[in-house]
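Written below as structure tokens is the structure these notes are about.
The values are calculated or read from the model by the stated rules, or taken from the named source; none is laboratory data. Values in this document were obtained by computation on a predicted structure and should not be read as measured data. All Cβ positions, glycine included, derive from the backbone under ideal geometry; neighbour counts span all protein chains shown. For the accessible areas, the whole protein counts, side chains as well, though only heavy atoms, and no ligand, DNA or RNA atoms are used. Shrake-Rupley method; radii C 1.70, N 1.55, O 1.52, S 1.80 Å.
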Amino acid sequence: MFSCRSGAALPLRGAIFALALAGGFGAAPLGAREMPESGTAAAVKKPNVVILATGGTIAGAGADAANSATYTAAKVPVDKLIAAVPQVNTIANVRGEQVFQIASESFTDAQLVQLGKRVSQLLKQDDVDGVVVTHGTDTLEETAFFLDLVVKSDKPIVVVGSMRPGTAISADGALNLLDAVTVAASKEAIGQGVTVTMNDYIQSGRDVNKRTNIVPSAFYSQWGPLGMVVEGKTYFFRSLTKRHNMSSEFDIDQIDSLPLVGIVYGSGNMIPGVYDAEVQAGAKAIVNAGTGNGSVPGYLVDKLKDIRSKGTLVIRSSRVPDGFVLRNAEQPDDKYDWVVAHDLNPAKAKVLAAVALTKTTDTKELQRIFWEY
């Protein structure tokens, strides 16, 4: 056991990780730890994986080892993140780039586009076999889905975060990062779409969402994980059937900006003026995060019909975490020229709407896109 300055005992693994993050180890540069050659043949060639760091809790630091939820995000640079998990170098030749250093709630559409273009550039290189994106968990699911829609590559793209900073007792970032590199270096992950690898699970970036803000088992998909990582080996049990990456009609190389899409959260006693504010702000579409089956209160139907008649798209989603919105069930969507988000939650419906609007404003085409992606 190892004692921290507060007097609390840390498990050895957690203590080593925290010490490495703090710069306590004189870690050798990446690439210095190569697999030794055997007496008769060269070592097996390792895949090349690039880690793009954007900040978040996985790069966070707390004042005390007991702080698992109180800390400052986006403090630790990518080189220290990698140096704290030297085991990644037995799996792949790893190098890192610091793209951003922000908490993920501060991600903008412009930064999404910038990140997508960098991922695309890297995966076009013959000497890059996979990419890992370290990310804050607040909007991780949106970034993962965006990359799934727009990066035209079948090489593995893994988005990873942590629920606890590396300075905390029982921090989850080190193993999550190791597992993410394992998936990015895996031939089995080729063509599986963007994945989110956390808490031992390999989740689809399209399906997964954050369900809790406290515990490490925060990310969940109602359709189940794609697989797991166990002791450095990937196990896949299903594949994503929705269009993604190479089968996508969208290409980040052709996208320089995203149109504004707003979300209005459904509840009792809603305020009609909120929709007007979204339109006045320039929203090209509004995702109505309705109750139940994407319900729209009777007193708001005329408001949404008016908004649609003046050119702003209306997309019915649901605030309910599971299930999917049925077209022409709660509302006559065909009659009102509205779109339904199917099983995408409001945040992901917003991402898909923004990407789709770079191609079309036709509601029939948009509905097709929501069915297919």
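Tally up the residues in segment 57-72 that are outside any loop (DSSP other than H, G, I, E, B) and of a type outside the set (A, V, I, L, M), please. Talk me through it step by step, then tell me what you get.
Of all residues in segment 57-72, those outside any loop (DSSP other than H, G, I, E, B) come to 57-59, 61, 72.
Okay, now just the ones that are also of a type outside the set (A, V, I, L, M), so 57, 72.
Residues that pass the stated criteria total 2.
Is it the case that some residue within segment 274-294 is of a type in the set (Ser, Thr, Tyr) and either closer than 20 Å to Ala184 by Cα or touching a Ser or Thr at 6+ places or on another chain (Cβ under 8 Å) (or both)?
yes
Scanning segment 187-215 for residues that are within 22 Å of Asn89 (Cα to Cα) and surrounded by fewer than 24 Cβ atoms within 10 Å (Cβ to Cβ) gives Lys187, Glu188, Ile190, Asn199, Asp200, Tyr201.
Scanning segment 329-340 for residues that are open to solvent by 70 Å² or more (accessible area, probe 1.4 Å) and either more than 17 Å from Val301 (Cα to Cα) or modelled with pLDDT of 95 or more (or both) yields Asp334, Lys335. If the condition is being in a loop (DSSP other than H, G, I, E, B), of a type outside the set (D, E, K, R) and free of Cβ contacts under 8 Å to residues at least 40 places away in the same chain, then segment 198-212 contributes Asn199, Thr212. Would you be able to say whether some residue in segment 73-87 is assigned to a strand (DSSP E or B), open to solvent by less than 40 Å² (accessible area, probe 1.4 Å) and either over 29 Å from Pro259 (Cβ atoms) or not aliphatic (A, V, I, L, M) (or both)? So far as segment 73-87 goes, no, none of its residues is assigned to a strand (DSSP E or B), open to solvent by less than 40 Å² (accessible area, probe 1.4 Å) and either over 29 Å from Pro259 (Cβ atoms) or not aliphatic (A, V, I, L, M) (or both). Filtering segment 214-248 to residues that are among the polar types (S, T, N, Q), free of Cβ contacts under 8 Å to residues at least 60 places away in the same chain and either in a loop (DSSP other than H, G, I, E, B) or under 27 Å from Pro165 (Cα atoms) (or both) leaves Ser217, Ser221, Thr234, Ser239, Thr241. For segment 311-318, the criterion of a residue being surrounded by fewer than 20 Cβ atoms within 10 Å (Cβ to Cβ) and charged (D, E, K, R) is satisfied by no position.
Residues satisfying the criterion are present in segment 126-145 (criterion: in a loop (DSSP other than H, G, I, E, B), open to solvent by 30 Å² or more (accessible area, probe 1.4 Å), without any contact (Cβ under 8 Å) to a residue 12 or more places away in the chain and among the charged types (D, E, K, R)). Every condition in (1) within 20 Å of Pro216 (Cβ to Cβ); (2) of a type outside the set (Asp, Glu); (3) under 16 Å from the mean Cα position of the chain (by Cα); (4) outside any strand (DSSP E or B) holds for Thr54 except the one numbered (4). Comparison of Pro321, Pro346 shows that the only residue that is modelled with pLDDT under 95 and either over 19 Å from Arg368 (Cβ atoms) or of a type in the set (Phe, Trp, Tyr) (or both) is Pro321.
Just wondering, is there one or more residues in segment 153-162 that are assigned to a strand (DSSP E or B) and surrounded by fewer than 21 Cβ atoms within 10 Å (Cβ to Cβ)? No, segment 153-162 contains no residue that is assigned to a strand (DSSP E or B) and surrounded by fewer than 21 Cβ atoms within 10 Å (Cβ to Cβ). Only a single criterion out of (1) assigned to a helix (DSSP H, G or I); (2) open to solvent by 50 Å² or more (accessible area, probe 1.4 Å) is not satisfied by Gly268, namely (1). The residues listed here are Ile157, Ile102; of these, the one that is assigned by TED's automatic domain parsing to the domain that holds Ala73 and more than 15 Å from Ala73 (Cβ to Cβ) is Ile157.
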